[in-house]
Amino acid sequence: MNQSTQYGFYVDTTKCTGCKACHVSCKDRQGDLLRANNKPLANGVPSLKGVTWRRVYEYCGGSWSVDPNTQTYSQDVFAYYMSIGCNHCSEPVCVKACPTGAMHKRREDGLVLVEESLCIGCESCARACPYDAPQIDRERKVMTKCDGCHERLAEGRQPVCVESCPMRALDFDTMDNLRAKYGDGDGHIAPLPSESITSPNLIIKANRHGQPAGSGAGKVLNPTEV
C-alpha cells in the first residue's frame, strides 16, 4: 500500500529500565476513551481486563559456572527490557487476515486502526499478528489495539506512551524524521520476531546484551497485567 506519510516508533533499549510508565499511561488512556464513550470502569480503572496495547517485556537468559580447580566463576547472564505496542506495519498481516475490512491501514498517516462497526470479533487479526497488537474486548466482542493516539497526533502531540517515559526511551514521528534523527537502528532483537514478516515501522537501538530476533537464548518474563 502506498502512502505519502508513514508514522512509526523508535525504542532505545539501552535506556529502558522496565518501569512500565508507558504501559500504565497507555492503560490510563483506555479509561479516557471508555469514559468518552460511556463505557464501564472498575474503580476508575479500565474494565478491559487483559487488554494492554503497550507492554514491557523483560528478556533474560544465560548461565554461570564455577571452575572446580580454581574456584573462579564465569557467566554470560543477560537481561534487558523491550517496550512494544503496534508497529503500524507496512505489510500488516492483521489487515490481510481480517475478513470484513474492519482492520485497515490509513492512507494519510499509515496507522493501522479498527473500524469497530465492521468487526465481528473473530480474532483472525490477533492470530496473524506476531506482536500481539490486536486484542479483543470480550464484553463488546470487538478487537482493539494501539491506534497511535491519533487524536493527540491531530493536535500536534505525542502518544501518551512517549510523553510518559521518564528516560526518553521512546519516540514517535514520521519514519523519515525518525531515520533522520536515529538512522536505521540495529534491527529487531529478541523477544521480537523477524522484521521480514510484516515490515514494521519500528526503529530499535539495541541493548548491548541484545539477542538476535527469534533467538531462543533467553525467556520472556511477561508484564504485570493492569
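The values are calculated or read from the model by the stated rules, or taken from the named source; none is laboratory data. For clarity, every value in this text was computed on a predicted model and none was experimentally measured. Glycine gets a Cβ as well: all are built from the backbone with ideal geometry, and neighbour counts include every protein chain shown. With ligands, DNA and RNA removed, areas are computed over all heavy atoms of the protein, side chains included. Shrake-Rupley method; radii C 1.70, N 1.55, O 1.52, S 1.80 Å.
The order of Thr14, Thr5 by accessible area, most exposed first and with a 1.4 Å probe, is Thr14, Thr5. The charge dipole of the stretch 80-226, taken about its Cα centre with unit charges on the Cβ atoms of Lys, Arg (+1), Asp and Glu (-1) only, comes to about 300 debye. Rolling a 1.4 Å probe across all protein chains gives Trp53 an accessible area of roughly 20 Å². Oblate is the label for the stretch 99-226, because a/c, from the alpha-carbon gyration tensor with a ≥ b ≥ c as root eigenvalues, is 1.5 or above and a/b does not exceed b/c.
Divided by 2.2 N^0.38 Å, where N counts the residues, the Cα radius of gyration of the chain comes to 1.09. Projecting the Cα atoms of Gly50, Tyr81, Pro200 onto the dipole axis of the chain, where Lys and Arg carry +1 and Asp and Glu carry -1 at the beta carbon, places Gly50 farthest toward the positive end. When each of the peptides 128-138, 82-92 is scored by the mean number of other C-beta atoms lying within 10 Å of its residues, the order from highest to lowest reads 82-92, 128-138.
For a 28 Å ceiling on Cα separation, which of these pairs sit above it: Lys141/Lys205; Lys105/Lys141; Lys145/Lys205; Lys15/Lys141; Lys105/Lys219? Correct reply: Lys141/Lys205; Lys15/Lys141; Lys105/Lys219. For the chain, the solvent-accessible area works out to 51 Å² per residue, with a probe of 1.4 Å and every protein chain left in place. Peptide packing: for 32-39, 19-26, 119-126, the average count of neighbouring Cβ atoms within 10 Å per residue gives the ranking 19-26, 119-126, 32-39, highest mean first. With each label modelled as a point 7 angstrom along the Cα→C-beta vector, the Asp67-Asn38 pair spans 7.4 nm.
If you take all other residues with their beta carbon under 9 Å from the beta carbon of Arg140, and give Lys and Arg +1 and Asp and Glu -1, the sum is 0. Multiplying the residue separation of Arg107 and Lys15 by 0.36 nm and removing their Cα-Cα distance gives an extension gain of 29.9 nm.
I need to check one value: relative contact order of the chain, counting alpha carbon pairs closer than 8 Å and at least 6 residues apart, in percent. 31 percent. State the answer as a single residue: which of Leu33, Gly8, Cys98 lies farthest towards the positive end of the charge dipole of the stretch 1-138, with beta carbon charges of +1 for Lys and Arg and -1 for Asp and Glu, about the Cα centre. Going by the Cα projections, it comes out as Leu33.
Computed over protein heavy atoms with a 1.4 Å probe, the carbon and sulfur contribution to the accessible area of the stretch 125-195 reaches 46%.
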